[in-house]
Structures are given as C-alpha cells and as structure tokens.
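**Student:** Quick one: the structure is below, questions incoming.
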Amino acid sequence: PSPASVGDPGTSFYAERLTTLDSQALGEEAGACARSMHDTGLVSAYHAVLIRYLVKENPELLISALGLSSTGTDSLLTYRDLVHALIEKAVYPETNQSVLIISSMLERAVLHFPGVASSLWRQINLPLTPATQTRLIASCGSEQPPDVYLLAGLLSMLGQPLGVGQGDNPTCQSARALSWWACSDPDYLLQLLAWAGRDDGILMTFRGQQISSAFLPAGASGQVGSDLDPVSMVLVPHLDRVYAEMCRLAHKAGEDPHLHVNPEFHGWQVGRGFAIAVDVIHGNLHKYEEFIRLFYACYHPSYNGGNPVIHPQPVG
C-alpha cells in the first residue's frame, strides 16, 4: 500500500528499509499507509511496523501515519505518553488492525472521558490470571503474549464500539452490554475488564445485593467458544453468570425479568421504562402495533420532535 512496501519484501526487510529513508520519503510513506488504511478499513502488517518505528524515531509523523483530523491530533498531543505506550504494547504485525483502532479511538476522543486514561495505564501493566491467559491463547494464539492481545482487543472495542460480535455463542446480552459500555461508560468497562483479568471475577449489585461471578455456576450460554474477540473471551463468561443470576432473582410469573435486570445490569443511563410486544406466559405477539408506535415515538427523529437519543437503550 506504500512506496517502501512495493514488492511485498517482508516485515524484517521493510523495517531495515525504513532506516534508510530521509524525512521526506518517510513522510510520504506515512501518508500512503494512512490513505490506504482509511480508504479500505484494512491495515497492512507493514503499517504496524511503520507505526512502531515512528514512535521511537520520528513521533511527529504519527499524526500523518494515523491519518488524524484536528480532533484526533488534539487527543494524541494531550495524551502523547499514553498513546506511545499503547502503541509499544499493543501494535505488532500480528495485531495490525490496532493501528486503525488507535486512530478511531483518538478521533472519538475517548481518552478525554473521565477515568479512561488512568485506567488504560493500569491495563498496560495488568497481571492476568492463568485461567485468563489460557482463554486468550485458545482464541488468539501465542505469537504475542496474552496481555498484548487483550489490550489490542480493548482498544478495538473503544475505537469501534459498534463492532462487538457474539460469534457462535448465545451471549447477545453480553455483546450488547460490552458495546453499550464502550459507547457510554468506557471507564466502567475498563474496571470490569481489570477485575475479570486480574481476579477472575466481577462484582455487580442487584437490588442492593452484591453478586460475584466467581461464586456462580455457568450462565445461560454454558461453555463459551473461542470465536470471540479478546475482551469478550475474558468478560463474557463472567457477565453471562451475573446476568443469569439477576434473571433468577428477578423472576416473577407473568413478568419479563428484563424489566428489572436491564437497568441494574447496564447502569443508570438505561431508562426505567419498559415495553414488550410479547405475552410472556404464552410466548405470542401482544399489542405489537402499540409497541411499534411507542418505539418510533421514542427514537425516530421524525416522530419524537427531532430529539436526539442521549444514551442508547438495550432492545432485544
């Protein structure tokens, strides 16, 4: 995708070639890699090598190599040391998409959210339990240490929060929650990940009662497969147990437990109102047209007076 990578010379030869480029040629290389990345959404392994080289030898060119706007540039300059540390820890040819993710994260100005920058510093040096490391190796491989893949996956979630998938696992509630926290409450997501990775358990509260995933049986999803992103590999088993326990505690005949679980599981930003288009007892559609009218009145700008949605709401 760039002048210095023509002919696909291999990352080792490319790294040597970078040392021979003058400042003008290096600037052209940075710009070419950034254009290719933003045009396609794909990142070459050569781009990852370039980013690692620039951090040490010419950090001023990171703005060009990441293709940053004024917003992203402000984030980079404000949190320069942290961004450099994230690159050195998480960006490798094996995690090459992290280059695009870091660019997206800076453009979202996520580092300016309260608590996020300090939490990322913690994550860089977070010790992982053997069980956590085993799950990550099963999912990501062993070319890089497990904490590298976990940090790269975390950056991916913060940079592109709507890209969280559940793979072939019945864990929609956890995937939805991870995406929601990455959008609206990233420091809480970072806290949950620190608990799960370091302590192999997370804590939540339901109706004033503390719930610890470390003491709960497997949740509704049972055994979680390995076709998940690194953050999901670490957090979903814990989230699924807590979610199942909340549903058990909230169960009441004829009532959907999500009425009580959704606000407690996700956080204060989730509305306390609740609508359902299903007869819970019989499983049939019930007052479907009324549900659709309410949905449009709440969320569609043509029907809600043009009011923007402040916080996304869980819908399933």
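**Student:** Right, SER184: under 10 Å from the mean Cα position of the chain (by Cα), under 25 Å from ALA244 (Cβ atoms) and either surrounded by fewer than 21 Cβ atoms within 10 Å (Cβ to Cβ) or assigned by TED's automatic domain parsing to the domain that holds VAL309 (or both) or not? Even if it seems obvious, please write down each step before you answer.
**Tutor:** On the way: under 10 Å from the mean Cα position of the chain (by Cα): no; under 25 Å from ALA244 (Cβ atoms): yes; either surrounded by fewer than 21 Cβ atoms within 10 Å (Cβ to Cβ) or assigned by TED's automatic domain parsing to the domain that holds VAL309 (or both): yes.
Considered against the rule, which asks whether it is under 10 Å from the mean Cα position of the chain (by Cα), under 25 Å from ALA244 (Cβ atoms) and either surrounded by fewer than 21 Cβ atoms within 10 Å (Cβ to Cβ) or assigned by TED's automatic domain parsing to the domain that holds VAL309 (or both), SER184 comes out as no.
**Student:** In the range 277-297, which residues are assigned to a loop (DSSP other than H, G, I, E, B) and surrounded by 14 or more Cβ atoms within 10 Å (Cβ to Cβ)?
**Tutor:** Within the range 277-297, the subset assigned to a loop (DSSP other than H, G, I, E, B) is 277, 279-284, 286-287.
Of everything in the range 277-297, those that are assigned to a loop (DSSP other than H, G, I, E, B) and surrounded by 14 or more Cβ atoms within 10 Å (Cβ to Cβ) turn out to be ALA277, VAL280, HIS286, LYS287.
**Student:** Scan the range 1-19 for residues that are of a type in the set (Gly, Ala, Ser) and either more than 31 Å from the chain's Cα centre (by Cα) or buried (at least 19 other Cβ atoms within 10 Å of the Cβ) (or both) and jot them down.
**Tutor:** SER2, ALA4, SER5, GLY7
**Student:** Residue check: is ASP227 assigned to a loop (DSSP other than H, G, I, E, B) and within 24 Å of ASP199 (Cα to Cα)?
**Tutor:** yes
**Student:** Out of ALA48, ALA4, ALA65, report the one residue that is without any contact (Cβ under 8 Å) to a residue 40 or more places away in the chain and among the aliphatic types (A, V, I, L, M).
**Tutor:** Working: ALA48 fails: without any contact (Cβ under 8 Å) to a residue 40 or more places away in the chain; ALA4 fails: without any contact (Cβ under 8 Å) to a residue 40 or more places away in the chain.
Only one candidate qualifies: ALA65.
**Student:** Counting just the residues of the range 53-98 that are outside any helix (DSSP H, G or I) and under 22 Å from the mean Cα position of the chain (by Cα), which one comes out nearest to ALA32 (Cα to Cα)? Don't jump to the end; show me each part of the working.
**Tutor:** Step one: list which residues in the range 53-98 are outside any helix (DSSP H, G or I), which gives 58, 67-69, 79, 91-92, 96-97.
After this cut, where a residue has to be under 22 Å from the mean Cα position of the chain (by Cα) as well, the list is 67-69, 79, 91-92, 96-97.
On the way: GLY67: 10, LEU68: 13, SER69: 16, TYR79: 25, VAL91: 19, TYR92: 19, ASN96: 16, GLN97: 16 Å.
By that ranking, first place goes to GLY67.
**Student:** Let me ask something else about it. Based on what the data block shows, is ARG108 among the charged types (D, E, K, R), in contact (Cβ under 8 Å) with a residue 12 or more places away in the chain and closer than 20 Å to PRO161 by Cβ?
**Tutor:** yes
**Student:** Name every residue in the range 20-34 that is surrounded by fewer than 14 Cβ atoms within 10 Å (Cβ to Cβ) and touching a residue at least 24 places away in the same chain (Cβ under 8 Å), in order of residue number.
**Tutor:** Of everything in the range 20-34, just one residue is surrounded by fewer than 14 Cβ atoms within 10 Å (Cβ to Cβ) and touching a residue at least 24 places away in the same chain (Cβ under 8 Å), namely SER23.
**Student:** Which condition does SER142 not pass, out of (1) assigned to a loop (DSSP other than H, G, I, E, B); (2) touching a helix residue (DSSP H, G or I) at 6+ places or on another chain (Cβ under 9 Å), if it passes all the others?
**Tutor:** Among (1) assigned to a loop (DSSP other than H, G, I, E, B); (2) touching a helix residue (DSSP H, G or I) at 6+ places or on another chain (Cβ under 9 Å), the lone unmet condition for SER142 is (2).
**Student:** Right, something else. Just checking, does the range 101-118 include any residue being under 25 Å from PRO237 (Cα atoms), under 16 Å from the mean Cα position of the chain (by Cα) and of a type in the set (Ser, Thr, Tyr)?
**Tutor:** no
**Student:** Then there is this: Can you tell me which residue in the range 238-270 is nearest to PHE206 (Cα to Cα), limited to those that are in a helix (DSSP H, G or I), touching a residue at least 60 places away in the same chain (Cβ under 8 Å) and within 19 Å of the chain's Cα centre (by Cα)?
**Tutor:** Ranking the qualifying residues of the range 238-270, first place goes to PHE265.
The values are calculated or read from the model by the stated rules, or taken from the named source; none is laboratory data. Treat the numbers as computed from the prediction; the structure is a model and nothing was measured. Please note: Cβ atoms are built from the backbone with ideal geometry, for glycine as well, and neighbour counts cover all protein chains shown.
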